[in-house]
Ligand SMILES: Nc1ncnc2c1ncn2[C@@H]1O[C@H](COP(=O)(O)OP(=O)(O)OP(=O)(O)O)[C@@H](O)[C@H]1O
Ligand SMILES: [Mg+2]
């Protein structure tokens, strides 16, 4: 894999993630009809961390994020966010609390302008109009291509630009924690690197991120800690550096060869 992302992130310096968890998922069970997709997932994210969830197709990564953000209702389990149990709350209530989900497959509104897509990201967020205008400017500064194309229909953007728009729209929701579902999906290696840089940049600004990825090495390169999901269960967890050396992770998710 030549994405230019070959080093796992160094161990946290002791300050990052030192506090109590801002997001804690405990024994999460989710069903699709009769089929149990998650069998008791537990994970936590502490303020200032990037935490990755890696795993193969169908492992349950997106289902975990959908349950956290209220898109689907858990069968059982707790989801504690910023001091309250949010399991069972509606998704717009969860956004308002500061937990924003950028879903798989980008899902921008193709027939609306780039700017309107961004403004829609602020729709459920707390805050006044002046604040929203400032946020819009910040996002257009962050991704100059979005400023250039702000009047264009979002559907005319390239895949990589749509991913930037999707992340940017999420940021318009003033998240305390950002949930990113496979931002690298379908992107060329150079753009995967750009997405990784964006995640790191956001984290350097203080954003706490739960990142779901099939691209395990990319995820481990930006995350402080990671969880491996397999068949609806957490199979391995730990600091990214340790997971990148774990023989099972290497064999199953990093292409079989140890990466240095
Ligand atoms: N809407 C749905 N209805 C029924 N089953 C579903 C639905 N969405 C997902 N599943 C099933 O739940 C399991 C977990 O799916 P999920 O989408 O969470 O996997 P994932 O880890 O995100 O995979 P991918 O990397 O392919 O996105 C799979 O067996 C999948 O087939
Ligand atoms: Mg998925």
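Observations on the model:
- Boolean, residue 226 is within 16 Å of ligand 1 (Cβ to nearest atom) and buried (at least 24 other Cβ atoms within 10 Å of the Cβ): yes
- Residue 210 passes every criterion in (1) crowded, with 23+ Cβ neighbours inside 10 Å; (2) not in a strand (DSSP E or B) apart from (2).
- Here residue 79 does not fit the description of being modelled with pLDDT of 95 or more, in contact with a helix residue (DSSP H, G or I) (Cβ under 7 Å, 6 or more places away or on another chain), within 16 Å of ligand 1 (Cβ to nearest atom) and closer than 20 Å to residue 202 by Cβ.
- Look at segment 52-74: where a residue is under 24 Å from residue 8 (Cα atoms) and a partner is in a helix (DSSP H, G or I) and within 10 Å of ligand 2 (Cβ to nearest atom), sitting 6+ places away or on another chain with Cβ atoms under 9 Å, you get 53/61; 53/64; 53/65; 54/61; 55/61.
- Checklist (1) assigned to a loop (DSSP other than H, G, I, E, B); (2) away from ligand 1 (no atom under 13 Å from the Cβ); (3) surrounded by 16 or more Cβ atoms within 10 Å (Cβ to Cβ) applied to residue 104, failing item: (2)
- Those strands (runs of 3 or more DSSP E) of segment 9-75 in which at least 3 residues are modelled with pLDDT of 95 or more, closer than 25 Å to residue 244 by Cα and within 14 Å of ligand 2 (Cβ to nearest atom), considering only elements entirely within it, cover 50-54.
- Segment 172-186, residues that are within 16 Å of ligand 2 (Cβ to nearest atom) and within 9 Å of the chain's Cα centre (by Cα): 179, 180, 181, 182, 183
- Index of the failed condition, residue 132 passing every other in (1) touching a strand residue (DSSP E or B) at 6+ places or on another chain (Cβ under 9 Å); (2) surrounded by 17 or more Cβ atoms within 10 Å (Cβ to Cβ): (1)
- Filtered residues of segment 169-191 (kept if assigned to a loop (DSSP other than H, G, I, E, B) and over 21 Å from residue 130 (Cβ atoms)): 182, 183, 184, 185, 186, 187, 188
- Meets criteria (touching a strand residue (DSSP E or B) at 6+ places or on another chain (Cβ under 7 Å) and at pLDDT 95 or above) for residue 155: no
- Where a residue in segment 115-140 is assigned to a helix (DSSP H, G or I) and its partner, wherever it lies, is modelled with pLDDT of 95 or more and exposed (fewer than 13 other Cβ atoms within 10 Å of the Cβ), with Cβ under 7 Å and at least six apart: 115/151
- Filtered residues of segment 171-207 (kept if within 16 Å of residue 68 (Cβ to Cβ), within 13 Å of ligand 1 (Cβ to nearest atom) and surrounded by fewer than 23 Cβ atoms within 10 Å (Cβ to Cβ)): none
- Hey, residue 121 buried (at least 21 other Cβ atoms within 10 Å of the Cβ), under 20 Å from the mean Cα position of the chain (by Cα), more than 16 Å from ligand 2 (Cβ to nearest atom) and modelled with pLDDT under 95 or not: yes
- Filtered residue count, segment 155-164, keeping only those that are under 21 Å from the mean Cα position of the chain (by Cα) and in a helix (DSSP H, G or I): 6
The values are calculated or read from the model by the stated rules, or taken from the named source; none is laboratory data. Computed from a predicted structure; not experimentally measured. When we count neighbours, we look across all protein chains shown, and the Cβ atoms used for this are built from the backbone with ideal geometry, even at glycine.
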